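Notes to accompany the following structure.
Just so you know, all these numbers are worked out from the coordinates, no wet-lab data involved. Bear in mind the structure is a predicted one, so any value in this text is a computation, not a measurement. Note that each Cβ is placed from the backbone with ideal geometry, even for glycine, and that neighbours are counted across all protein chains shown.
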Amino acid sequence: MAEDMGLDLECYGMAGVQTPNLNRLAKEGALFTRAYASNPICSPNRSAMMVGVNQNIINAQHHRSNRDTPLMAPYKPITYWLREAGYTALLGHSTVLQQGTKIDCNFKTQTTGPYDGLTQFGIFDAREDFSADRQPFFSQIQLKVTHRGDWWQEVRDVSADPVDPKDVELPPFFADTPEIRYDWAVYLDTVEYMDAEVGVLMDDLEAQGLADNTIVIFIADNGRCNLRGKGYLHESGVHVPMIVWAPGLIDAGTVVEELVTTTDISRTVLELAGAHQPDYLTGQSFLDVAANPNHEYVRTARDIWDEIDECSRGITTKDFAYIRNYMPELPWATDQAYLEINRPALHVMRRLKEQRELTTAGMTFFADQKPVEELYDLRDDPDQMNNLAGDARYAEVLHDMRMRESQWQAGNRDYGLIDLGRRNPGQGLGAQLVREAVKRDAPELWARLESGELMATQAWKKYLPKKKPAN
């Protein structure tokens with residue numbers, strides 16, 4: 001599972017990037033063109049995938065929430081059912097950046113150990129590389145390099161063939177400046193590094209004689225780490241890459257254009273393992289989805305992210321995308337500390353906005369508030385620049401989308417709407433404290449960040465006040 005990445009692979013047509021290993025998996029397996037995360041932020045979507053149920057149904061919709069609260073009955077992690085079926089649940093791999101052991105679920109977990117949901121909360125059996133003597137196994141490996149981090153510049157520095165900023169193609173809602181092109185090129189450098197990690201993992205499978213009876217599913221946890229990406233219900237935040245490699249089960253070169261969502265992975269994994277598939281699962285198997293489509297639409301949702309209280313819901317069909325913003329007074333371009341520290345484009349485009357040099361498309365992200373409803377024709381407007389919600393010609397489509405969301409609400413309990421207006425987003429979080437400390441104690445660093453320079457901002461934690469020892 002890659003982190004914070006859109007359809008930014010060579011096999012999806014992304015300009016400037018080379019991903020030979022994932023190209024190979026797509027060529028020998030199935031490339032899914034319409035896979036969606038259920039939330040544009042890592043922990044809610046990971047929670048949904050780990051349980052096989054939409055995050056808002058299991059009260060896991062707020063980022064990094066409920067870490068001391070057990071999953072409510074009858075829900076259990078899919079690894080519980082896999083282990084009941086005789087599988088060993090393994091986490092991470094020693095060859096990937098920082099070992100690939102992230103879980104990040106919004107309910108009480110322990111990394112390893114048994115699970116009963118009452119006093120035992122282990123999700124995996126071991127932090128361990130997959131191996132022949134652990135068969136049958138389910139191995140979850142996080143590919144962290146594409147997540148914003150101080151390693152980004154290091155990855156570019158050691159690349160034998162770094163991406164040329166001149167070769168990248170920016171979406172229309174970005175300003176085309178040298179700083180933004182460079183940041184995008186470095187992001188693609190991390191995508192290439194991640195692709196090389198996939199190659200190493202595949203080599204390990206083959207060296208151990210495991211390739212013939214192992215199914216590989218590649219996906220990203222949410223959209224790319226940039227404006228209108230991670231954290232937002234637009235396509236660049238929830239539309240993710242998905243490749244399934246399963247020789248003998250999936251025909252080589254299959255391209256699946258039907259809608260799938262991340263909870264479909266959960267059910268499919270249980271089906272492939274011959275494990276119990278509880279009735280509460282909200283996903284559907286994708287094994288024959290090309291012949292028998294599972295979804296008329298996929299549903300997405302955004303709720304609290306760090307100190308920002310937010311509530312939006314999305315419905316995406318094959319042709320249209322609908323977003324209902326319950327807090328339209330909150331703009332997309334907030335002063336969220338995480339974004340300010342990790343989005344060079346944000347600062348560059350703020351400056352251009354002040355200088356009245358942003359294009360109309362570039363101004364989209366900086367609107368004073370959001371519309372209550374958004375409707376986009378994805379066939380003609382994949383970048384979602386033209387909101388059709390107020391266009392009378394699309395009144396019937398808008399009504400249909402509203403009805404789909406209403407029907408979903410009528411059939412499900414959405415905990416993110418139940419607590420709306422009574423929420424308490426986190427305050428005094430790490431990113432907020434770092435921003436305050438750097439602005440105060442190292443203003444020259446903050447000025448470089450605001451100029452659009454790609455900075456190693458995780459190292460800025462050294463500016464935090466040292467905690468006083470307890471008496």
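Restricting to the stretch 43-79, name every residue that is part of a loop (DSSP other than H, G, I, E, B) and among the β-branched types (Val, Ile, Thr).
Val53, Ile57, Ile58, Thr69
Please verify whether the stretch 359-366 includes one or more residues that are outside any helix (DSSP H, G or I) and either within 23 Å of Glu405 (Cβ to Cβ) or under 19 Å from the mean Cα position of the chain (by Cα) (or both). Can you show your working first?
Residues of the stretch 359-366 that are outside any helix (DSSP H, G or I), as a first pass: 359.
The next check asks that each one be either within 23 Å of Glu405 (Cβ to Cβ) or under 19 Å from the mean Cα position of the chain (by Cα) (or both); those that pass are none.
Within the stretch 359-366, not a single residue is outside any helix (DSSP H, G or I) and either within 23 Å of Glu405 (Cβ to Cβ) or under 19 Å from the mean Cα position of the chain (by Cα) (or both).
Does any residue of the stretch 120-131 turn out to be closer than 17 Å to Ile219 by Cα, in a loop (DSSP other than H, G, I, E, B) and out of contact with any Cys (no Cβ under 8 Å at 6 or more places or on another chain)?
Scanning the stretch 120-131 turns up no residue that is closer than 17 Å to Ile219 by Cα, in a loop (DSSP other than H, G, I, E, B) and out of contact with any Cys (no Cβ under 8 Å at 6 or more places or on another chain).
Taking Gly428 as meeting all but one of (1) over 24 Å from Trp151 (Cβ atoms); (2) assigned to a helix (DSSP H, G or I), write down the number of the exception.
(2)
What is the number of the single condition among (1) in contact with an Asp or Glu (Cβ under 6 Å, 6 or more places away or on another chain); (2) under 19 Å from Val51 (Cα atoms) that Asp279 does not meet?
It is condition (1) that Asp279 fails.
Looking at the stretch 117-132, can you tell me whether even one residue there is among the polar types (S, T, N, Q), in contact with a Gly (Cβ under 9 Å, 6 or more places away or on another chain) and either exposed (fewer than 14 other Cβ atoms within 10 Å of the Cβ) or under 23 Å from Ile215 (Cα atoms) (or both)?
Yes: one or more hits.
Against the conditions (1) surrounded by 20 or more Cβ atoms within 10 Å (Cβ to Cβ); (2) in a loop (DSSP other than H, G, I, E, B), where does Pro162 fall short? Just the number, please.
Pro162 satisfies all of (1) surrounded by 20 or more Cβ atoms within 10 Å (Cβ to Cβ); (2) in a loop (DSSP other than H, G, I, E, B) except (1).
Six or more apart or on different chains, Cβ under 7 Å: which pairs go from a residue in the stretch 441-465 that's farther than 25 Å from Lys353 by Cβ to one that's among the hydrophobic types (A, V, I, L, M, F, W, C) and not in a helix (DSSP H, G or I)? Could you list them?
Pairs that qualify, where the first residue is farther than 25 Å from Lys353 by Cβ and the partner is among the hydrophobic types (A, V, I, L, M, F, W, C) and not in a helix (DSSP H, G or I), are Tyr463/Ala442.
Out of the stretch 39-81, which residues are of a type in the set (A, V, I, L, M) and surrounded by fewer than 23 Cβ atoms within 10 Å (Cβ to Cβ)?
Correct list: Ile57, Met72, Ala73.
This table checks each residue for (1) in contact with a Ser or Thr (Cβ under 6 Å, 6 or more places away or on another chain); (2) under 30 Å from Asn54 (Cα atoms); (3) among the polar types (S, T, N, Q).
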| residue | (1), (2), (3) |
| --- | --- |
| Glu396 | no, yes, no |
| Met403 | no, yes, no |
| Ser406 | no, yes, yes |
| Tyr415 | no, yes, no |
| Ile418 | no, yes, no |
| Leu433 | no, no, no |
| Trp460 | no, no, no |
| Tyr463 | no, no, no |
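Looking at (1) assigned to a helix (DSSP H, G or I); (2) exposed (fewer than 13 other Cβ atoms within 10 Å of the Cβ), which one does Val434 not meet, given that it meets all the others?
(2)
If you scan the stretch 377-419, which residues turn out to be of a type in the set (A, V, I, L, M, F, W, C), surrounded by fewer than 15 Cβ atoms within 10 Å (Cβ to Cβ) and within 26 Å of the chain's Cα centre (by Cα)?
Met385, Ile418
When residues of the stretch 2-48 are filtered for being at positive phi and touching a helix residue (DSSP H, G or I) at 6+ places or on another chain (Cβ under 8 Å), how many remain?
2
Go through the stretch 65-99 and report how many residues are charged (D, E, K, R) and in contact with a Cys (Cβ under 9 Å, 6 or more places away or on another chain). Even if it seems obvious, please write down each step before you answer.
Just the residues of the stretch 65-99 that are charged (D, E, K, R), to begin with: 67-68, 76, 83-84.
Checking which are in contact with a Cys (Cβ under 9 Å, 6 or more places away or on another chain) leaves us with 67.
Of the residues in the stretch 65-99, 1 are charged (D, E, K, R) and in contact with a Cys (Cβ under 9 Å, 6 or more places away or on another chain).
Find the residue count for the stretch 62-82, including only residues that are in contact with a strand residue (DSSP E or B) (Cβ under 6 Å, 6 or more places away or on another chain) and of a type outside the set (Ser, Thr, Tyr).
Qualifying residue count for the region: 3.
Within the stretch 329-372, which residues are under 22 Å from Trp446 (Cβ atoms), of a type in the set (S, T, N, Q) and surrounded by fewer than 18 Cβ atoms within 10 Å (Cβ to Cβ)?
Thr334, Gln355
Looking at Thr177, Thr112, can you tell me which residue is touching a strand residue (DSSP E or B) at 6+ places or on another chain (Cβ under 7 Å) and of a type in the set (Val, Ile, Thr)? Before you say what the answer is, go through the steps one by one.
On the way: Thr177 fails: touching a strand residue (DSSP E or B) at 6+ places or on another chain (Cβ under 7 Å).
Going through Thr177, Thr112 in turn, just one is touching a strand residue (DSSP E or B) at 6+ places or on another chain (Cβ under 7 Å) and of a type in the set (Val, Ile, Thr): Thr112.
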